[in-house]
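The values are calculated or read from the model by the stated rules, or taken from the named source; none is laboratory data. Everything quoted here is computed from the prediction, not taken from an experiment. Glycine gets a Cβ as well: all are built from the backbone with ideal geometry, and neighbour counts include every protein chain shown.
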Amino acid sequence: MMPYFFLLILAFLSTHSLPKADDHAIYLSTLTLSDEIPGATPGTPILTVRVFSDDLRDAIRNAFPDQQSVSEETLCAQHRDQVNAYFSKHLILKTETRQATQSTHSSLSASSEEMQISLILTEMSRESDVITVSWFASLPKGCKTLTIKADYLMELFPTQTQMVTIKLNGSQQMLRLVRGKSFGGVVVTE
């Protein structure tokens, strides 16, 4: 009976593919926008993303087919431009600002304008199997709402989840972004 059981297990394993040893069970990143980080200046919070290095390597290889030699070890030192370009397509912050405008009848009215927030890459580092990428995010005066698109890595990993923390002006808000719902918005308090 025992040899048949062993053959049954062997047959099952040979017909079902097992995950590669270097795959991991969870596809998760953290994204933090904070003005409470040492070095952040008022109106210019720091945006920090932490991702698994093998996932970011795969995303860069996918986005830039001529960069197949990229490795987890060379991402920070030799591929900053590609990493920044990749995130510029998959990580977008927008704000709605309200401005007072004068109408033709001499009355004041408020108008809204949506604008993309520029991100300036400041740092990239690797610790163990995690890459940390940071940018300055220059928020305009009058910023009332913040919309975040964070669909990075979702083109490769359908179960990718971004855990977002916004710490601005003494208030903290959190979002969970997943494939199909990679946009989120928060109200910025003054």
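Yes or no: residue 131 without any contact (Cβ under 8 Å) to a residue 40 or more places away in the chain, hydrophobic (A, V, I, L, M, F, W, C) and under 20 Å from residue 83 (Cα atoms)?
no
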TODO: Report those strands (runs of 3 or more DSSP E) wholly inside the stretch 95-137 carrying at least 1 residues which are modelled with pLDDT under 65 and out of contact with any His (no Cβ under 9 Å at 6 or more places or on another chain).
DONE: 108-116
TODO: Scan the stretch 138-149 and give yes if some residue there is of a type in the set (Gly, Ala, Ser) and either part of a strand (DSSP E or B) or closer than 23 Å to residue 79 by Cα (or both), otherwise no.
DONE: no
Task: Breaking point among (1) in a strand (DSSP E or B); (2) closer than 24 Å to residue 113 by Cβ, for residue 165 - done: (2)
Task: Number of the condition not met by residue 83 [criteria: (1) crowded, with 16+ Cβ neighbours inside 10 Å; (2) closer than 15 Å to residue 122 by Cα; (3) modelled with pLDDT under 95] - done: (3)
